[in-house]
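The values are calculated or read from the model by the stated rules, or taken from the named source; none is laboratory data. Predicted, not measured: the structure shown is a model, and the values here were computed from it. In this analysis, Cβ positions are derived from the backbone assuming ideal geometry, glycine residues included, and neighbour counts consider all displayed protein chains. To get the accessible areas, we keep the full protein, side chains included, count just its heavy atoms, and leave off ligands, DNA and RNA. Shrake-Rupley method; radii C 1.70, N 1.55, O 1.52, S 1.80 Å.
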Amino acid sequence: FIVTIIQISTLGVGEFHKLLQPIIWEELDAIKDRYSKDLFNIVYISIILGILAVFLTQIIFYFVVTFISKQYIQGIEVFNILSYTLYFYALEGTTGLILNSKTRNRQVLLSVYTLLGLSINLLICWICLTLEYGLSAIAVCMCLSTAIAKMPTFFNCRNNLFRSNKEMILFYLLSTIPLLFIFYIQIGLELHSPLTGLLVILFLILFQIIVF
């Protein structure tokens, strides 16, 4: 049930990026390997989309298990952890389209990153199962492996998205550290109420608007 909702939400994020595909590919044909402010703006929109996707899926699940399917209420923590994978799927949507384009033609590289993330996921999940750390630890491993598979793509698209290496490093810091903050607030402190998520989400969106 939990995985199904996450998968449906992931498909929703993917459909959003499909709408952007012709825009991104047309821009790439024009700029080739040069920097594009428009492409970075799409990444910025993806950041906001990812943040909203995490919150919306969490609040939907919270109300479903609270008022409809109460037998799943113990799965709130696991679901909230897994919902963070949506952020990385949303964030990687633009770079995935760039690398998949005829201009860049780097589909093999995306496959390598996917296999790397899957391999790491299998390894650390096996370790968690062996040490009997529980479902929450496995969910964290799945989230971590998703980040490992998605985030390196920005390095490969750096010429199109960033004006310098410093700007790329700043992007990595600003797109991950706030996420770790919200993760700690919600999961580490066990504050699973939708109100907590809403307040932190609004803070992160405001933070992104100010910085970018």
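A compact table of results
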quantity: Candidate values (1) 11.8; (2) 15.2; (3) 14.5, label of the one derived for mean projected area of the Cα convex hull in nm²; calculated: (1)
quantity: Most fluctuating residue given options Leu129, Leu99, Leu28, as computed from a GNM of the chain linking Cα atoms under 10 Å; calculated: Leu129
quantity: Protection proxy ranking of 115-124, 38-47 - average other beta-carbon atoms within 10 Å, highest first; calculated: 38-47, 115-124
quantity: Span from the segment 71-118 Cα centroid across to the segment 1-67 one, whole angstrom; calculated: 10 Å
quantity: Accessible area in the full protein assembly, largest first, 1.4 Å probe, for Met151, Met142; calculated: Met142, Met151
quantity: Charge-dipole axis of segment 101-180 as Lys and Arg at +1 and Asp and Glu at -1 on Cβ define it, positive-most pick from Gly117, Met168, Met151; calculated: Met168
quantity: Accessible surface of segment 1-150 [probe 1.4 Å, protein heavy atoms]: carbon and sulfur percent; calculated: 68 percent
quantity: Options Ile59, Leu91, Leu135, ranked by Cα towards positive dipole end of the chain, top entry (Cβ charges); calculated: Leu91
quantity: Over the chain, relative contact order from alpha-carbon pairs under 8 Å, at least 6 apart, %; calculated: 28 percent
quantity: Rounded accessible area per residue of the chain, 1.4 Å, Å²; calculated: 53 Å²
quantity: Check: segment 32-93 dipole with +1 on Lys, Arg Cβ and -1 on Asp, Glu Cβ, in debye; calculated: 100 debye
quantity: Number of Lys pairs (Cα under 21 Å; 8 or more positions apart or on different chains) in segment 31-172; calculated: 5
quantity: Check: segment 1-130 dipole with +1 on Lys, Arg Cβ and -1 on Asp, Glu Cβ, in debye; calculated: 120 debye
quantity: Loop trypsin sites (Lys or Arg not before Pro), segment 119-170, which have at most 14 other Cβ atoms in a 10 Å radius of their Cβ (DSSP); calculated: Arg163
quantity: Segment Arg163-Leu11, length gained on full extension (0.36 nm per residue, minus Cα span); calculated: 51.6 nm
quantity: Size of electric dipole in segment 64-163: Cβ of Lys, Arg +1 and of Asp, Glu -1, about Cα centre, debye, nearest 20; calculated: 560 debye
